[in-house]
């Protein structure tokens, strides 16, 4: 299990540091239904990660990803493909980053957060965690890495739970901070939202570059 957690740790951190979900949940917290919607978003985020991860685990185990701790050859190909895809995302993010003085564009749904219900917030959390291309690549990579270790089903589930919990720290931290500190949390949350909005593309580019390079390195060493 230690090997599995070591493999998934950088991928989980990459999920946790996704700027758009953090910006979105901070924006939700500023609305009249902020606490309920923020908690619902985090719940949806967790369910999305867990559901997508569980599906990939089932498929990977059915395809004999790990036998007696030896990873299958197709996993090296998968890591290579995932790594190259992340490098492409990193390149696109870097090219599309706003220059000095340019307006910062946020997703259109952020303009409607004041009209969100808890159900819509939860659905958005699921979509951003399990359908967003960058996160989906990281979830696939993490679940496949767990399966390739060949550990027992119970330990695979526990390893996936660790991945999900770490991945939930990013959007979960603003909600926890607001619930415990109330209005006193706003100076920090406002600064966090503004900083992440200004540096969203750069953060994403660096994360995808580093994790993509790791996956490509894993693939090359496994061939």
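The values are calculated or read from the model by the stated rules, or taken from the named source; none is laboratory data. Because the structure is predicted, anything quoted here is derived from the model rather than measured. Cβ placement follows ideal geometry from the backbone for every residue including glycine, while neighbour counts extend to all protein chains displayed.
Being surrounded by 17 or more Cβ atoms within 10 Å (Cβ to Cβ) and either modelled with pLDDT of 95 or more or not in a helix (DSSP H, G or I) (or both) is a condition met by at least one residue of the range 100-117. So, residue 55, is that one closer than 17 Å to residue 137 by Cβ and more than 14 Å from the chain's Cα centre (by Cα) or not? Yes: the conditions hold for residue 55. Counting just the residues of the range 74-99 that are within 17 Å of residue 19 (Cβ to Cβ) and in a loop (DSSP other than H, G, I, E, B), which one comes out modelled with the lowest pLDDT? Top of the filtered list is 98. Applying a threshold of 8 Å to beta carbon distances and a minimum spacing of six or more residues, or different chains, the list of pairs starting in the range 99-116 at a residue that is over 20 Å from residue 195 (Cα atoms) and ending at one that is not in a loop (DSSP other than H, G, I, E, B) reads 116/28; 116/37; 116/124.
Within the range 51-61, at least one residue is out of contact with any strand residue (DSSP E or B) (no Cβ under 6 Å at 6 or more places or on another chain), modelled with pLDDT of 90 or more and more than 24 Å from residue 219 (Cα to Cα). Output yes when any residue across the range 64-73 is surrounded by 14 or more Cβ atoms within 10 Å (Cβ to Cβ), touching a helix residue (DSSP H, G or I) at 6+ places or on another chain (Cβ under 8 Å) and part of a helix (DSSP H, G or I), and no when none is. Within the range 64-73, not a single residue is surrounded by 14 or more Cβ atoms within 10 Å (Cβ to Cβ), touching a helix residue (DSSP H, G or I) at 6+ places or on another chain (Cβ under 8 Å) and part of a helix (DSSP H, G or I).
Scanning the range 118-132 for residues that are buried (at least 16 other Cβ atoms within 10 Å of the Cβ), assigned to a helix (DSSP H, G or I) and under 20 Å from the mean Cα position of the chain (by Cα) yields 120, 121, 122, 123, 124, 125, 126, 128, 129, 130. Checked against the criterion of being part of a helix (DSSP H, G or I) and within 18 Å of residue 160 (Cα to Cα), the range 28-42 has at least one qualifying residue. The residues on offer are 79, 37, and the sole one that is buried (at least 20 other Cβ atoms within 10 Å of the Cβ) and more than 23 Å from residue 12 (Cβ to Cβ) is 37.
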